[in-house]
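The values are calculated or read from the model by the stated rules, or taken from the named source; none is laboratory data. In this text, all values refer to a predicted model and were calculated from it rather than measured experimentally. Because the Cβ atoms are built from the backbone with ideal geometry, glycine has one as well, and the counts that use them run over all protein chains shown.
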């Protein structure tokens, strides 16, 4: 369901909601034991929010901070490096999608990462 939501928000150009969905995907990644994927999703959400100059919605802040702390604890100093692999290549092609199949094991679907 989150993947469908992510795709639809991206198609609509709703980067604010797309960032929130990425935060949710990060929490799901932590739940399934993939802190590197969580860090990538969090970094993608951060980038989207920076582009539109938006903060994390107050209603989502506590859960997001919990996910950030869990990913940081799991990855230690590698947390920042994992976020750098968010798959955003800066090509300007809003429809370019890359998929890291290793990061989606257990989801039963793909997680798109669009270029910004």
Open item on the list: Being surrounded by fewer than 20 Cβ atoms within 10 Å (Cβ to Cβ) and within 18 Å of residue 72 (Cβ to Cβ): is that true of residue 61 here?
Closed with: yes
Open item on the list: For region 14-26, give me each residue that is surrounded by 21 or more Cβ atoms within 10 Å (Cβ to Cβ) and either part of a loop (DSSP other than H, G, I, E, B) or touching a residue at least 40 places away in the same chain (Cβ under 8 Å) (or both).
Closed with: 20, 23, 25, 26
Task: Qualifying positions in region 33-51 - surrounded by fewer than 19 Cβ atoms within 10 Å (Cβ to Cβ) and modelled with pLDDT under 95 - done: 46, 47, 50, 51
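Taking residue 78, is it modelled with pLDDT under 90, out of contact with any strand residue (DSSP E or B) (no Cβ under 8 Å at 6 or more places or on another chain) and in a helix (DSSP H, G or I)? Let's see the steps before the verdict.
Numbers: modelled with pLDDT under 90: yes; out of contact with any strand residue (DSSP E or B) (no Cβ under 8 Å at 6 or more places or on another chain): yes; in a helix (DSSP H, G or I): yes.
Spelling it out, residue 78 is indeed modelled with pLDDT under 90, out of contact with any strand residue (DSSP E or B) (no Cβ under 8 Å at 6 or more places or on another chain) and in a helix (DSSP H, G or I).
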